[in-house]
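The values are calculated or read from the model by the stated rules, or taken from the named source; none is laboratory data. As the structure is a prediction and not an experimental result, all values here were calculated from the model. All Cβ positions, even for glycine, are placed from backbone atoms using ideal geometry, and neighbour counts span all protein chains on display.
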Amino acid sequence: MALAAVPAALLARRVGPGRAAAVGLAIFAGAGLACGLADDLSTLVLARCVQALGGAAAVTAALELLPATVGSERRAATVWAAAGATGAALGPALGGILTELVSWQSIFFLQVPVALIAAVPILSVAKHEAATGVIEPELRRTGRPHLWANLALAMVSAAIAAALFLLVLLLIEGWRLSPITAAIVVSVMPLSALVGTKLTEYVADARSRAAAGAILVSGGLAGLAFLPKATIALTIPPQILVGVGLSLVLSALTETALGGRAPQAIHGGWTISARHAGVVIGLLALTPIFTADIDQQRHDAINAGTAVILDSPVNPLLKLGVAEKVSERLEEEKGKVPTIGPAFEPLPDNPAERAEVEQLKGELQDQLDRGATHAFSTSFILAALLGLIALFPIALSKEVEL
Amino acid sequence: MRGRVLVIGAVVASLLLVGAYLAAGGSSYEPEQIQNPCKPRPWSNPQTLGQIANQFTISALDGAACKLGVSREALTRALATPEARKRFTEKYGIDDEKLAKAIRAGLLRAVDDAEEAGALSPILAVPLRATIRNIPLEEAIELIQNGRKLLSNVEGFLGPAGSIIEQFLP
């Protein structure tokens, strides 16, 4: 997507946005179907690459089509930017729900009718372009891509990708929530993004919105880095900050990058490139860090958990049995934080022993949960710093009115 | 003006959140420290035979782990299953004989600790030491293959003498 966005926008200019969007959506739908039917990783990755080509054509061409619908280029830029921000926030939640309720393939199958329905109203535009030929629009080639806005977009996108990706991983791999529960938890972000969209209407100055958004994203990420306990409720305030922040910053920076520049599709393509490049760079930079951290924390938590078992007042025979079962679970769930509940089954009949074992279970679970939570801290802090560093290019960016 | 208010609001909201989480202990996580098994671990004045057996097991694991140069926790997990034991011996380059010797040393330390804590009479400690020293190598390996069996045997040492020990308990 990062590589295809600008060439796709150039193509849209050459063949007409209606035709580019229609063809792009058709490619997106076909490749989505191929993704859903893929039976190995290589096919899935290849189909996703093709899908990105179609998606890039459709998304950039849409920016050229929007002014006719919404009335002005500025309004088009605002709507287009808000749609991008909402999509970024909504994706993980919707994907998690579909994965749990149906299957991961269903995410791609659902895209097929959605893309085809979106293509229907565009067909008339495409037909018109085919009949009349493409009239090269007035080429107000006003300037190069907005360097600072796009740079800030890349940084903020890296931070936001980390927020979404790491939080979902923390919930599923660290705290062992089901994908649907994790999806419901992270749906706080898209809901908060809607609030952020409302704020956009009250503050015209894009640079202030971008700065406030970047600060909120960083604050939310820092909150996730310093979670005092491994409980879902404590993830909600940071998610609200990230959600409101991402809608503010992504829309403001996209508007700034497009402001006073033409053709819109090409500059929109640059913003898409910047955002996706940021996501890739963010994940490339942070994944090895949190992978190493989670390995270390898992090791520490397991040692601490074993110490908790050994030092507990539980009957020695019983606790060595628990240690044995926990070891088995570590083997079964290699590379993950283990689910230790089954290691304590069956609970002893004696009420006093039962209470001791329940307490031991709670202490052990707490050690593992806190270890898993802490394993993500460094990555969340680095992501928060990325968001704060984005304040520099935001400060240097100048908005040009369309 | 509204822009400035928005930025200030964002800063305040972020600082409040981070401050509250830090105040609630968000940065204080430290995994429970693993104690050096070679350092003596005080016996917590065991009152019953079960508590003595518990302390005895901990001391035995500490002693064996100290001898092998690993943590008590790692050794406990290694003793849990034959597969875990195999990975453990491969990782640390330990053969079965060395492991058996370490377990014997651990059991001897447990007897010493029990005697020192006043939980075991010298009259019982002497024959127990002799028994431990004479455990055949195969039997020692069999003991360490199964944590339950290890403890069963530990309790076995105390079991027959349990009624006598109870006379020495407060």
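When A:Ile27 is tested against the conditions (1) farther than 23 Å from A:Ile122 by Cβ; (2) part of a helix (DSSP H, G or I), the lone failure is (1).
Per-residue answers, yes or no, for (1) more than 21 Å from A:Leu310 (Cβ to Cβ); (2) among the acidic types (Asp, Glu); (3) within 11 Å of chain A (Cβ to nearest Cβ):
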| position | (1), (2), (3) |
| --- | --- |
| B:Gly3 | yes, no, yes |
| B:Gly9 | yes, no, yes |
| B:Ala20 | yes, no, yes |
| B:Gln35 | no, no, yes |
| B:Arg72 | no, no, yes |
| B:Arg87 | no, no, yes |
| B:Asp96 | yes, yes, no |
| B:Ala100 | yes, no, no |
| B:Arg109 | no, no, no |
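Taken together, the residues in segment A:241-261 that are buried (at least 22 other Cβ atoms within 10 Å of the Cβ) and either of a type in the set (A, V, I, L, M) or assigned to a loop (DSSP other than H, G, I, E, B) (or both) amount to 12. Checking the structure you have, find out if any residue of segment B:12-31 is outside the structural domain of B:Ala125 (by TED's automatic domain parsing) and of a type in the set (Val, Ile, Thr). Yes: one or more hits.
Going through A:Leu164, A:Leu194 one at a time, which residue ends up being surrounded by fewer than 18 Cβ atoms within 10 Å (Cβ to Cβ), away from every other protein chain (no Cβ under 12 Å), closer than 30 Å to A:Ala9 by Cβ and within 17 Å of the chain's Cα centre (by Cα)?
Details: A:Leu164 fails: surrounded by fewer than 18 Cβ atoms within 10 Å (Cβ to Cβ).
Exactly one residue qualifies, and that residue is A:Leu194.
Within segment A:44-82, the residues that satisfy the criterion of being crowded, with 22+ Cβ neighbours inside 10 Å, of a type in the set (Gly, Ala, Ser) and modelled with pLDDT under 80 are A:Ala77, A:Ala81.
Within segment A:252-267, is there a residue that is of a type in the set (D, E, K, R) and within 8 Å of chain B (Cβ to nearest Cβ)? Explain how you work it out, then say what you get.
In the first step, residues of segment A:252-267 are kept if they are of a type in the set (D, E, K, R); the result is A:255, A:261.
If we keep only those that are within 8 Å of chain B (Cβ to nearest Cβ) too, we end up with none.
No: segment A:252-267 contains no residue that is of a type in the set (D, E, K, R) and within 8 Å of chain B (Cβ to nearest Cβ).
Quick check on my filter: what residues within segment B:72-86 are in contact (Cβ under 8 Å) with a residue 40 or more places away in the chain and more than 18 Å from B:Cys38 (Cα to Cα)? Within segment B:72-86, B:Leu79, B:Ala80, B:Pro82, B:Arg85 meet the criteria.
Would you confirm whether or not segment A:224-234 contains a residue that is surrounded by fewer than 24 Cβ atoms within 10 Å (Cβ to Cβ), under 29 Å from A:Ala76 (Cβ atoms), within 14 Å of chain B (Cβ to nearest Cβ) and over 14 Å from the mean Cα position of the chain (by Cα)? The answer is no, given that none of the residues of segment A:224-234 is surrounded by fewer than 24 Cβ atoms within 10 Å (Cβ to Cβ), under 29 Å from A:Ala76 (Cβ atoms), within 14 Å of chain B (Cβ to nearest Cβ) and over 14 Å from the mean Cα position of the chain (by Cα). Restricting to segment B:39-91, name every residue that is within 19 Å of A:Val322 (Cβ to Cβ), at pLDDT below 80, of a type in the set (Lys, Arg) and within 13 Å of the chain's Cα centre (by Cα). Matches in segment B:39-91: B:Arg77 only.
Looking at B:Ile132, B:Ile123, B:Ile94, B:Ile165 in this structure, which one is modelled with pLDDT under 75 and either within 13 Å of B:Gly63 (Cβ to Cβ) or surrounded by fewer than 20 Cβ atoms within 10 Å (Cβ to Cβ) (or both)? Can you show your working first?
Details: B:Ile132 fails: modelled with pLDDT under 75; B:Ile123 fails: modelled with pLDDT under 75; B:Ile94 fails: modelled with pLDDT under 75.
Residue meeting the stated conditions: B:Ile165.
Based on what the data block shows, is A:Leu283 surrounded by fewer than 22 Cβ atoms within 10 Å (Cβ to Cβ) and away from chain B (no Cβ under 14 Å)? Spell out how you get there, then give the answer.
Numbers: surrounded by fewer than 22 Cβ atoms within 10 Å (Cβ to Cβ): yes; away from chain B (no Cβ under 14 Å): yes.
Spelling it out, A:Leu283 is indeed surrounded by fewer than 22 Cβ atoms within 10 Å (Cβ to Cβ) and away from chain B (no Cβ under 14 Å).
Counting the residues of segment A:298-322 that are at pLDDT below 75, under 38 Å from the mean Cα position of the chain (by Cα) and facing another protein chain (nearest Cβ under 7 Å) gives 1. Could you list all residues from segment A:96-105 that are surrounded by 16 or more Cβ atoms within 10 Å (Cβ to Cβ) and either among the hydroxyl-bearing types (Ser, Thr, Tyr) or more than 13 Å from A:Gly36 (Cα to Cα) (or both)? Scanning segment A:96-105 gives A:Gly96, A:Ile97, A:Thr99, A:Glu100. Only a single criterion out of (1) of a type outside the set (Val, Ile, Thr); (2) touching a Ser or Thr at 6+ places or on another chain (Cβ under 6 Å); (3) within 25 Å of A:Leu258 (Cα to Cα) is not satisfied by A:Ser157, namely (2).
Looking across segment A:200-223 at every residue that is facing another protein chain (nearest Cβ under 7 Å) and aliphatic (A, V, I, L, M), the one that is farthest from A:Ala83 (Cα to Cα) is identified as A:Ala222.
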